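Each value in this text was obtained by applying a stated rule to the coordinates, not by laboratory testing. In this text, all values refer to a predicted model and were calculated from it rather than measured experimentally. Because the Cβ atoms are built from the backbone with ideal geometry, glycine has one as well, and the counts that use them run over all protein chains shown.
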């Protein structure tokens, strides 16, 4: 498993935030602790109102753009990247 330095991690988060800001989306970003899927990091959880939470794994900068464009904006789960679905 490859770990990330603080600088690498911060760079990834900054790219996500910049993409969200470019699209002028009203999104809340939170950082979590361990959820037991370390081997699939980096992870992104998408929680839309009245929908199950979808976890995406092995996320890259390009995956983030696809996840936000397809799932957050258009409401379509990116099945090829989704690794878990949780009803809330």
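For this structure, a couple of remarks:
- Residues in the range 32-59 that are surrounded by 12 or more Cβ atoms within 10 Å (Cβ to Cβ) and either on the phi > 0 side of the Ramachandran plot or not in a strand (DSSP E or B) (or both): 13 in all.
- Being closer than 25 Å to residue 11 by Cα and touching a helix residue (DSSP H, G or I) at 6+ places or on another chain (Cβ under 8 Å) is true of residue 57.
- Residue satisfying condition, being exposed (fewer than 13 other Cβ atoms within 10 Å of the Cβ) and out of contact with any strand residue (DSSP E or B) (no Cβ under 8 Å at 6 or more places or on another chain), within set 10, 85, 65: 10
- Taking (1) under 19 Å from residue 13 (Cα atoms); (2) out of contact with any strand residue (DSSP E or B) (no Cβ under 9 Å at 6 or more places or on another chain) in turn, residue 71 satisfies each apart from (2).
- Near pairs, Cβ below 6 angstrom, 6+ apart or cross-chain, from the range 8-22 (farther than 14 Å from residue 65 by Cβ) to any residue that is assigned to a helix (DSSP H, G or I): none
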